[in-house]
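Right, one structure below, let's go through it.
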Amino acid sequence: MADLRAESEPLLSRARGGRGRDCPAGSAACRSVRGGPGARSRRDLCFDQAAVFIEDAIQYRSINHRMDARSMGLYRLYYSNVSQWILSFTIFLILFLAFIETPSSLTSTADVRYRSAPWDPPCGLTESVEVLCLLVFAADVSVKPLRIRRLLRPFFLMQNSSLMKKTLKCIRSSLPEMASVLLLLVVHLCVFTVFGMLLFAGEKQGDGQDRERLMYFHNLPEALTSLLVLLTTANNPDVMTPAYSKNRAYAIFFIVFTLIGSLFLMNLLTAIIYNQFRGYLMKSFQTSLFRRRLGARAAYEVLSSMIAEGEAHPQEVGVKPQDFLQVLQKVQLDNSHKQTIMEKVRSYGGDLLSADEFQKLFNEFDKRVIKEPPPRPEYLSPFLQSAQFFFSHRYFDYLGNLIALGNLLSISVFLVVDADVLPEDRDDFVLGILNCVFVLYYLLELLLKVFALGLPGYLAYSSNVFDALLTIVLLVLEISTLAVYRFPHPGWKPEMLGLLSLWDMARLVNMLIVFRFLRIIPSMKLMAVVASTILDLIRNMRAFGGILVVVYYIFAIMGINLFRGVIVAPGNGSLAPDNSSATCGSFEQLEYWANNFDDFAAALITLWNVMVVNNWQVFLDAYRRYSGPWSKIYFVLWWLVSSVIWVNLFLALILENFLHKWDRCSHLQSLAGDSDTTYQGRVELLFRDVLEEPAEEELMEKLSHHPHLPLCR
């Protein structure tokens, strides 16, 4: 009960920086810190509160939650690595159900002409898994959920990522500006559609002008569709050719349309999306920075309130380094960052940490920690020392890269030489011998590097781990090849066993050697900027990729509900013509039969092909004929969401990453090796240089209104 009473009392018993006033000497809060039977439990509670605030600051979370012991225990349990892993796996599982539930995607092909009957899961299997997943989400679902529930699954993925929700809010805020340009695009399409129908109103059969009308401007919907596709340049120059063949002047119509629509309005849309999205995203990250600073300040206030009056000068305020180190042990953080921060704290000595010094410690959480490699083995023999120096030198790595280049060249040369030779007539004797030599060298290189660096030192470098795994796989494949096909000899040609022979698998794995050459990129400054941008994009793709997964998922489910079974193979009463009688360039003539919405996996591939927009007019025409003209609305909406909005957002992310890397100040500092600028490539850090630090008065004002952390005024 004493603990509960203490939790309801003010945690911060002293004003900071001259604001407010000290608590009365007899206040329970001050007594609980200085001594008494509840001092120990009170101290532990303050440490737990500070640890939670620090974790909130690290993860940019809000601190407006309950701070009693029980609530903090549940809060930390929810955000623990195990709980988050379980939640992430559950989200993956419920999204993966779409591949196995009816209509199942578990067939070898999606082609409607050759597809076998898909596996039908037992009744209740996928539903039971889904109910278990929804229980993990603590959602109120029935035992027999409706099919519409599948459209709601992706939102669990979005709710599990703060950056994804932040990105989605920025997209929503940018929609009005996007709509203005889209309206201009609609006007542009309508004007040129009407103008085109008037221009190509030919009367004579067989001339170029009439063929243009019949093929592309027969009626208003077809004319609008033709120009919409031309806006993406997918049907260029096909849509222009009939009229252009009749008269050169008709090319002016299509060139002007493309200049205004594709080169001006579409790029203007890209610029607006980039500018607006960047602005809203920066505001969002400004809020995140404020949450981090607020969490850090709250932790500082909790820890500084624990200083008893007799332990320091009455005017001296701060946090004991030993208290912060003790709290840091409770924080969920990787050991490498913990060690770095502990060394930083120890560098201040025994002096109290000020609020500014305490805030600066949180910059360490964003820095990349460069681990020191383990010590190398010590050899007494001068010969072994010389060998260790040579095999650990970068020139030995250059030699390995040169050998790998020879390996790739040998494979490429024989691919060119044997291009016109039938597989059964090829002789792989020379290439088989060379492959044995290369594999033996890779094995020797591995052993010599282990000798020079030691096993821990060798495994400390990710490049060495990659080389070791590749060498082991090549060695196993080579031994298996020799065991099955014997040693290479004139006329040696391994037989095909299954999809690939062991020999073909060895050659395929050999091509992975090309990744060794990526190591030279950091030594080339321009390529290093590009490579680091790509790596940062990969790290930051969780939010943008997650939104794309959500969009794909929703449109795939909608597509299955709308178009399942629409595409039917020719024959057996189908209205689809066979390949011999189909129009050139049509869905049937191009044999696009695998592009359908009969199952979830096939729907995803179809949506991908439409997003790329190459030949997407074929899909528009086919589904118009098989399901009706209203199907165009679905595909146009998908084009707008995927190709126009999402691709431009991805372009904005690329530009922001690259410009941040290319910034002269940060670029020069990184080249100079300034450790203070070596930050992790996270989206939140792209705007570090332009974000405004919140004022201390603003932090204290916000902290004073914390619902469960009353300041003592």
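Just to be sure before I move on: is residue 327 open to solvent by less than 90 Å² (accessible area, probe 1.4 Å), outside any helix (DSSP H, G or I) and farther than 30 Å from residue 433 by Cα in the structure I sent? Here the answer is no, as residue 327 does not meet what is asked. If I ask for residues that are under 29 Å from the mean Cα position of the chain (by Cα) and open to solvent by 70 Å² or more (accessible area, probe 1.4 Å), which ones from the stretch 85-118 would you list? 85, 86, 89, 92, 96, 106, 108, listed by residue number. When you look at residue 713, is it modelled with pLDDT of 85 or more and either of a type in the set (D, E, K, R) or buried (at least 17 other Cβ atoms within 10 Å of the Cβ) (or both), yes or no? In short, no. State whether the residues of the stretch 590-604 include one that is open to solvent by 10 Å² or more (accessible area, probe 1.4 Å) and more than 31 Å from the chain's Cα centre (by Cα). Within the stretch 590-604, one or more residues are open to solvent by 10 Å² or more (accessible area, probe 1.4 Å) and more than 31 Å from the chain's Cα centre (by Cα). Filtered by the rule that a residue be hydroxyl-bearing (Ser, Thr, Tyr) and in contact with a Leu (Cβ under 8 Å, 6 or more places away or on another chain), the stretch 170-193 gives a lone residue, 193.
In the stretch 437-455, of all residues being within 23 Å of residue 382 (Cα to Cα) and open to solvent by 60 Å² or more (accessible area, probe 1.4 Å), the one that is modelled with the lowest pLDDT corresponds to 455. Filtered by the rule that a residue be more than 20 Å from residue 552 (Cα to Cα) and either hydrophobic (A, V, I, L, M, F, W, C) or in a helix (DSSP H, G or I) (or both), the stretch 588-616 gives 590, 593.
Return yes or no: is residue 259 aliphatic (A, V, I, L, M), open to solvent by less than 20 Å² (accessible area, probe 1.4 Å) and either under 26 Å from residue 181 (Cα atoms) or under 25 Å from the mean Cα position of the chain (by Cα) (or both)?
no
Just one of the listed residues (229, 143, 191) is surrounded by fewer than 19 Cβ atoms within 10 Å (Cβ to Cβ) and modelled with pLDDT of 75 or more, namely 191.
Quick check: is even one residue across the stretch 411-418 modelled with pLDDT under 85 and either part of a loop (DSSP other than H, G, I, E, B) or in contact with a Cys (Cβ under 9 Å, 6 or more places away or on another chain) (or both)? Checked the stretch 411-418: at least one residue is modelled with pLDDT under 85 and either part of a loop (DSSP other than H, G, I, E, B) or in contact with a Cys (Cβ under 9 Å, 6 or more places away or on another chain) (or both). In the stretch 405-422, the condition of being open to solvent by 70 Å² or more (accessible area, probe 1.4 Å) and under 14 Å from residue 493 (Cα atoms) is met by at least one residue. Residues of the stretch 382-397 that are in a helix (DSSP H, G or I) and surrounded by 11 or more Cβ atoms within 10 Å (Cβ to Cβ): 384, 385, 386, 387, 388, 389, 390, 391, 396, 397. Determine whether the stretch 48-69 contains at least one residue that is touching a Leu at 6+ places or on another chain (Cβ under 7 Å), closer than 16 Å to residue 136 by Cα and not polar (S, T, N, Q). There is no residue in the stretch 48-69 that is touching a Leu at 6+ places or on another chain (Cβ under 7 Å), closer than 16 Å to residue 136 by Cα and not polar (S, T, N, Q). You will find that of 468, 483, 506, the residue that is assigned to a helix (DSSP H, G or I) and at pLDDT 85 or above is 468 and no other.
Scanning the stretch 237-255 for any residue that is open to solvent by less than 50 Å² (accessible area, probe 1.4 Å), closer than 18 Å to residue 621 by Cβ, in a helix (DSSP H, G or I) and β-branched (Val, Ile, Thr) turns up nothing. Residue 170 meets each of the listed conditions (1) assigned to a helix (DSSP H, G or I); (2) surrounded by fewer than 17 Cβ atoms within 10 Å (Cβ to Cβ); (3) at pLDDT 70 or above apart from (2). Within the stretch 688-713, residues that are more than 18 Å from residue 289 (Cβ to Cβ) sit with their Cβ atoms under 6 Å from residues that are at pLDDT 80 or above, at 6+ positions apart or across chains, in these pairs: 708/66; 708/67; 709/67; 711/704.
The values are calculated or read from the model by the stated rules, or taken from the named source; none is laboratory data. All of these numbers come straight from a predicted model, not from anything done at the bench. Positions of Cβ are generated from backbone atoms using ideal geometry, with glycine treated the same way; all protein chains shown enter the neighbour counts. Accessible surface is based on the protein model in full, side chains and every heavy atom, while ligands, DNA and RNA are left aside. Shrake-Rupley method; radii C 1.70, N 1.55, O 1.52, S 1.80 Å.
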